[in-house]
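The values are calculated or read from the model by the stated rules, or taken from the named source; none is laboratory data. Given the structure is predicted, the values throughout are model-derived calculations rather than measurements. Reconstructed Cβ throughout: ideal geometry from the backbone, glycine too, with neighbour counts over all protein chains shown. For accessibility, only protein heavy atoms count, side chains too; no ligands or nucleic acids. Shrake-Rupley method; radii C 1.70, N 1.55, O 1.52, S 1.80 Å.
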Amino acid sequence: MNEMTPVQSVGVAKPLVDGPEKTTGKAMFAADFQAAETLVGRILRSPVAHANITAMDTSKAEALPGVHAVVTEADCSDTYGVLPIAMNEWALARGRVRYRGEPVAAVAAVDVATAQRALDLIEVTYEELPAYFSAEEARAEGAVLLHDDKPGNIERDAEFDLGDVDKDMAEADLVREIEVKCSEVCQVQMEPHATFAEYDGARERLTIRPSTQVPFYVHKMLARTMGMAEGHIRVIKPHIGGGFGSRTETLQSDLIAGLLARKARATVKVVLSREETFITHRGRPESHITMKVGMKSDGTITAVDFTVQQRGGAYSGYGIVTILYAGSMIYGLYNISSARFQGLRVLTNTPPCGAFRGHGTVKTRFAFEGLIDDMARELGLDPFAVRRANLLAAPTMTENDLLVNSYGLDQCLDWVEKASDWQARKGKLPANKGMGMACSHYISGASKPKHWTGEPHATIHLRVDWDASITLLTGAAEIGQGSSTVMAQCVAETLGVDMSRINVVSSDSALTPKDNGSYSSRVTYMVGNASIDAAQNLKARLIEAAARKLEIATDDVECLGEVYRGGQQDQGLTFDEVVMEALAGEGTITVKGTFDTIPESWGGRKYRGAAIGGTMAFSYAAQVVEVTVDPYTAEITVDKVWVAHDCGKALNPLAVEGQVQGSVWMGMGQAMSEETGFHEGLPLAANMLDYRVPTIIESPPIEVGIIEAADPHGPFGAKEAGEGSLSGFLPALTNAVADAMGVRACELPLTPDRLLELLEKKARDGGANSDRGAA
Amino acid sequence: MKTVLSLTVNGVAHDDVIPDNMLLVDYLREKTGLTGTKIGCDGGECGACTVLIDDRPRHACLTLAATCQDSRIETVDGLSRDSRLTALQRGFNEKLGAQCGFCTPGMIMASEALLRRNPDPSEADIRDALAANICRCTGYVKIIEAVQFAAQELASGELAS
Amino acid sequence: MELLPDLKLHHPRSVEDAVSLHAAASSGRYLAGGSDLLVNIRRGIEQPESLVYLNNIAEMQAITEATGQISIGGAVTLRELAESAPVRQHFAAVAQAAGEVAGPSHREYGTLGGNLCLDTRCVFYNQSEWWRSANAYCLKNRGEICHVAPGGKKCFAAFSGDVAPALLLFDAEVELAGPDGRRRLALADLYRNDGMDHLTLGQGELLVAVHMAKPSEAVHSAYAKSRVRGSIDFPLAGVAVRIAVSDGKISDLQVGLTGVSPLPFLVRKLDKFIGRAADDACLEELRDAVRGQAKAMKTTFTPPHYRRRVAGALAQKLAASFF
C-alpha cells in the first residue's frame, strides 16, 4: 500500500485561500477598521481648474472645537510620484492647483459633521489661470504651462522608427488608414479609497493600512512626504476591494491620512466618497490615434505607421510609461518588422491618468485590430486568415528587442474559431446579428523595475515551526486577483504537501519581505517563481533532515510530500517527523526564495524608452464576440463571447477563468458604456449612475478556453492571465458590429447614440455601403 | 432628533437610541460593529450595502435606521451558523463568485433573498434578482454559477438553512 | 459618506396624521422609499428639518379593485405594482414601467407615489454640494444660470419617473390629501412644464392613491425605456403606448413620454392615426410624430439628439409589436 504520491496543487481548481472571509463579511477592508477615538479625516478640494493659491488661512478651522489637526502643503516635506524621474505631485497642492478636485488641505476631527464644518472654515484665495480640458487646447501656441519644466504642456513625446516603414509600406498591396478616438475610462474598483492611520506619539511611529496595490511604494512615499525614517513606518495591507491599476501608485489620500495622524498624534480614518474616488482617477487617458497599415494580398503586414495622443491630466503619474507602452506593444503579438510611432502625452487641467488594466496597450490594439479586419475584408480574406498570416515563431526577439519566449496565439485562434463555430456561422447569421474577432497580448511584469536597486524582483520567506505548518510571507499584494492562493499552490506543489499546511501572510512591512506590488501582471510570474525557489530551498532542508533521520544519503531520500522515505519498502517519515528532525538543534526554520529576470528580457536600447515592454513572457489571447443590434434603438446586445487565453500554465484554472472573464467584461464596459466626461473640468460622471459599469443584465456568457504554451522560465510554465484578454474585446465588438450593420465604429464607447449616428449616416449616404461589412 | 430603535439584527435584539438622520448602513457598521455590509457608492448605485429587511433586499445606504422599527434585519455577518458556510457562501467561495470580495456581501444578501422566495431560479431569475448589484471583478459569470450551485445544494437538502 | 443634516423623522399611521405633522413642521418633506430623496439630501440639494414617513400608513399600501375600477395606494411599492395581477392584466404598460424602474432592490422600497412625485433630473443638478458650488449652482438650485441653456430663465431638468407616462395612457386620477382635505386631480394636471417646479401639489399635499378605469379588452399597452445599461439607469427616454387594432385598422392610440422634458405627457395630435391601416408607413409616421414632440435637452450625459430619436423609435417598435 505504498502507492502514495505527492499532493497535486498546481493545475487544480482551487477556491481562494481568503475566500471564506470574503463570503462571511469578516474580511477587513481599510474602512472597516475602527479604534476608540478614531478621528475622521476629510479633504478640502479645489473648486477651480487652474489657479495660483495666493493665500490660505486655516486658523478658524484649527480653532473649531473637535478639530485635532489641519494639514496643508506646509506639512509636506517633498513631492511624490510613482516614477523616480517624474515626481511632481504634492499630497496637498503647493502654490498652484491644476485640476478641479485637487486636494488643498485636510482636517482630522471628532466626527464627520465637525470635519465638514472645519473644511468650510478654511479660506483659500485663488488667482485663476487659463485652464485646458483637451489635449489640443493645452498644446496650443501660447498656452500657459501647467508645469514650468514641461514646455508645450508635453509630458513626454515618444517615438521610434524601426525597419524601413516607407519602403515596406510602398511594397504593400493595400494601404489603409484609420483614426480612432477613445474616451477616458476609470477603474471604478468597488471599494472607494480608504486609509486607516495610527500614530504612536510616544515612539513617533506610524502604522497605516491603505487600500493599495503597492504597499511598498506607499511606504516610500509616506517617508518622503512626511520626512520620516522609512523604518519608523509600518504599512499593513488590509483586504483590498479591487484595483485594476487605480491603486498602482501612491494616492493623496494615503499620504494625507499619514500627515493627519501625525499632526493629531492620533488614529485617523480617511474614507473617500465615490465622487472623490473618481476624482482621484488614475484611469486610462482619452486617446486619439491615427494608424496606417500596409498589407500584402495574402494578409502579410508590411508596415505600421501610427500616432497616439493621450490627454494625461495634470500630473505625470505613470504617463511616460503609458505613452511608451502605447507604442512598443504594437510588437510582440504579430510578426511585424517595420513600424513607426509618434506619441504625445499631454498635460491638461483634468485629474491625472494612471495605469489601468492593460496599461497603454488597449487603444492601440483597438485601432490596429479594427483596421486589419477592414483590410482583410477588402482583400477577401477571413479575419482568422489575416491573423494567421502574421504569426510569430517563438523563441524570437521583436524588431524593438522584446523577448518572445513562448507563443500560443495560434492555438488561441484555433480554439475560438472552433468553439464559436466561426467558419459555419460567420456571415450566415440573421439580420442585425454579427460576429467579430480580435487578438491581444500582455506582459507578465516589466522586466526592469521602476525603482532599480539591484535587489531581486521578488523575495519570499517560508517559515516552518514545531507545528509543521508552513507560513508563507510575501509582500505581494493580494487585491482579489488570487495572488496569495497562487503562491500557496506553488509552494504546496513544490513540496508535494497539502495546501492546508500553508498560511499566507501578505503585505505587512514589519513581517513580510519587500515586494514591488501587484501591477503589470508581475505577481504570478515573478513572485510565483520566488515561491517555488523558496519551497525548493525548504525541501532541500527537509531532505537533509530526513536523510539524517533515516541514515541514508540525501540523494536516496524519496520525497512524497507528506512522506519522506528511503524507498518503496521503507515506511518512511511523516512530514511532521521530518520537520521535528529539521528543527532539532536549529529551531524555527526560515528559508528564502528569490527571482530575477534575465537580461535578454530587459528590452532594447534602439530608442529612448525602449525598455518599456520588456518582459519575461507575453500572454496571448483571441476572442470572438457575437452581437445583436436593435435596429430601432441601436442598442447592442452581446450574445456571447468565446475567448482563449494562453497563460502558459493554468496554475489555478478556476482563477484563470475568473481573471479572463473579468478582463473581457471590463473591456466590454470600456467598449460599450463607460466614459468619464467633464464640464469645464468638473467631472460629469463621478458617480455610478452616469459612469456606466455594466450590470449583470447586459453582461454576456463568456466561455473561456485555456491555452498552455508553457514559458521556459515561468513558474511551472505560467504567464499572466489577468490583463491580456481585455484589449481584444474592444475591436472584436466593433468588428462584430461591422459584420452586423456594415458600419465601422472608430469612437468608443460605442453607446447607442454613437451607433445610431453611424447608422443614420450610412442611411443618408445611400446604398453604397449596403452590403454587409464596412468599406 | 433621536429615536429609540428596537429591532433584531441577525437574530439578536437591539434597543438603541439613535439620531433620526442615521442611515441603516451606518447603524450597522458603527453602532452594532457589523462591518460586513459595505459602502461602495454615494447612494443606491452599487448595491454593496444590500441587507435583508424582513426577508426583502434593501439598500442600507438609502434607508433611515429609524424607519426599521420592529424589523428583522439580516446581514452577511450573520448568515453562517456555527461558523459553517451556508450553501450560498460556499457557492461564492468554491465557484469564485467572489474575487476582491467587496461586492460580495451585497451579492450574497440579494441572492439569499432570491433563494428564499424562489429556491429553483432560472439564469434569467438570477440576473433579474442581482440587477441592482454591481461587481467589478468577475463579469458576473461565476456569480451566476455560485447562485446556481447554492440552489442545487439546497435542493439536495445539504445544509438547508 | 455624506452626512445627512439633523432632522426629525415622523412615523404617522394615517394620512390625516401625516398631513398635520407635515403642516406643523417648518420645512418638512414627505418621505416614501427615499431612493431619490435621500440621495438629494445627502448631496445637500435639500435640507428638510423634518421628514414625514409614509410607508406605515395602511390606507396607502393597498391595491383595490371595484367594478371597472382600480385604486392603487401611493405607498404601494414598485415591486408590488409590477407583480400585481390586475395591473398586469388591464394596465400592462403600468406593470412593465414599474418593473423597469432602477433595479430590483430599489423597487422593493421605491413607491408609486415616490415615482410619480420624483424630482426632475439634470446632470448639472444631480451632483454633490462641492460640485454644484464649484459650478455656481444652477437655476433649479441656488443659482442664477441654467447650464443647459445659458441665458434662458427656464429650467429643463427632465422628469424621469417611469410609471407616469403609462398611467397617463389610462386617464389616471390622483387622490391628494392636504391641509384643506382631499381632492382628485387628473394625473396630467399634477405636472407642469417647469423643471424647477414641476408638480402642482399644494403646500403640504401628498399623493394618497391613483385611480383608474379599466379599459376594454381590445386595448393593449406596453412600456419601453431607453437606457445604456440593462438595469439601474433612469430613462433616457421612456415610452408608453396604448393601442387597439381592429380589422387591421387602428382604433385607439395613445403615447406617453417621460425622460425628455420637465413633465411626463401624452403625445398630442395622434387622432390622425385612428382608422389608419396598421402598416409600416403608419409606424414611420408615428415615429416621426413622437420624435417631433420629444424635445429633450442637454440634461443627461447622453446627447439629446439620441433621446429625441429613440423616443420615436421606441414608439414605433412598441406599436409594431401589436400589429
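Here are the numbers:
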| read-out | value |
| --- | --- |
| Inter-chain shielding of B:104-110 (mean C-beta neighbours from other protein chains, 10 Å cut-off) | 4 |
| D_trans [Stokes-Einstein, Kirkwood Rh over alpha-carbon pairs] for the stretch A:450-596, 20 °C, 1.002 mPa s, µm² s⁻¹ | 137 |
| Full-stretch length increase - residue A:640, residue A:140 - with 0.36 nm per residue and alpha-carbon distance subtracted | 175.5 nm |
| Accessible area per residue in Å² at 1.4 Å probe, computed on chain A | 32 |
| Area buried, chain A against chain B - accessible surface, total, 1.4 angstrom probe, square angstrom | 3800 |
| Diffusion constant of the stretch B:87-155 at 25 °C, which comes from Stokes-Einstein with the Kirkwood Cα-pair radius and 0.890 mPa s, µm²/s | 215 |
| Buried area at the B-C interface (accessible, heavy atoms, 1.4 Å probe, summed, Å²) | 2400 |
| q = 0.10, 0.11, 0.15, 0.16 Å⁻¹: log10 I(q)/I(0) that the Debye formula gives for chain C, counting C-alpha atoms only | -0.56, -0.68, -1.24, -1.38 |
| Probe 1.4 Å, accessible area per residue of the stretch B:1-107, Å² | 30 |
| At 1.567 mPa s and 4 °C, Stokes diffusion of chain A via Kirkwood alpha-carbon radius, µm² per second | 47 |
| Members of the stretch B:119-157 that become less accessible by 40 Å² or more once partner protein chains are added (1.4 angstrom probe, chain alone as reference) | B:127, B:131, B:132, B:134, B:136, B:137, B:139, B:140, B:141, B:142 |
| Convex hull volume per residue in cubic angstrom - Cα atoms of the stretch C:220-320 | 88 |
| Heavy-atom accessible surface of the stretch C:220-320: percent carbon and sulfur, 1.4 Å | 49 |
| Hull-based mean projected area of chain B, where the convex hull spans the alpha carbons, in square nanometres | 8.8 |
| Highest-fluctuation residue, C:242, C:184, C:307 considered, GNM on chain C with Cα pairs under 10 Å | C:184 |
| Highest-MSF residue in chain C out of C:290, C:19, C:76 [GNM, Cα springs under 10 Å] | C:19 |
| Cα-based Rg of the stretch B:2-78 normalised by 2.2 N^0.38 Å, two decimals | 0.96 |
| Rg to Rh quotient for the stretch A:32-116, alpha carbon positions, Kirkwood Rh | 1.02 |
| Phi to ³J(HN,Hα) by Karplus 6.51 cos²θ - 1.76 cosθ + 1.60 over the stretch A:700-709, Hz, x for Gly, Pro | x, x, 10, 9, 10, x, 9, 10, 10, 8 |
| Inter-label distance, nm, simple model (7 Å from Cα along the C-beta direction), residue A:28/residue A:548 | 3.8 |
| Sites residue A:177 and residue C:133 - FRET efficiency at Förster radius 45 Å, r taken between beta-carbons, to 0.05 | 0.50 |
| Centre separation in Å (Cα based) which lies between the stretch A:723-747 and the stretch C:238-306 | 33 |
| For residue C:296, net neighbour charge (Lys/Arg +1, Asp/Glu -1) across residues whose Cβ lies under 9 Å away | +4 |
| Order of exposure, largest accessible area first, which applies to A:551, A:127, C:100, C:108 with probe 1.4 Å | A:551, A:127, C:100, C:108 |
| Largest-first principal axis extents, alpha carbons of the stretch C:138-193, Å | 38, 29, 14 |
| Gap separating the Cα centres of the stretch A:349-416 and the stretch B:81-160, nearest whole Å | 36 |
| Violating pairs (Cα-Cα greater than 27 angstrom) within the set A:433/C:317; A:418/A:761; B:142/C:298; A:181/C:154; A:181/C:298; A:761/C:295 | A:418/A:761; B:142/C:298; A:181/C:154 |
| Charged-residue dipole, Cβ positions (Lys, Arg, Asp, Glu), the stretch A:450-596 about Cα centre, Debye nearest 20 | 540 |
| Shielding of B:20-32 by partner chains, average beta-carbon count, 10 Å | 3 |
| Total accessible area lost when C and A pair, probe 1.4 Å, Å² to nearest 100 | 3200 |
| Within the accessible area of the stretch A:450-596 (1.4 Å probe), percent carbon and sulfur | 45 |
| Gap separating the Cα centres of the stretch A:294-325 and the stretch A:545-590, nearest whole Å | 56 |
| Average beta carbon contacts from partner chains per residue of A:27-35, 10 Å cutoff | 4 |
| Loop-exposed trypsin sites (Lys or Arg not before Pro) per DSSP, neighbour cap 11 Cβ within 10 angstrom, longest uninterrupted part of chain A | A:204-427 |
| Theoretical FRET efficiency, 1/(1+(r/R0)^6), r = Cβ-Cβ of residue A:164 and residue A:85, R0 41 Å, to 0.05 | 0.80 |
| Exposure rank, largest accessible area first [A:334, A:132; 1.4 Å] | A:132, A:334 |
| Share, in percent, of DSSP beta bridges within chain A that are antiparallel, nearest 5 | 75 |
| nm² value of the averaged projected area, convex hull over the Cα atoms of the stretch A:710-765 | 5.4 |
| For chain C, calculated [θ]222 nm from helices alone, where every DSSP H run of n ≥ 4 adds -39500 (n - 2.57) | -8000 deg cm²/dmol |
| Point-to-point label distance, residue B:155-residue A:605, nm (Cα→Cβ direction, 7 Å offset) | 6.6 |
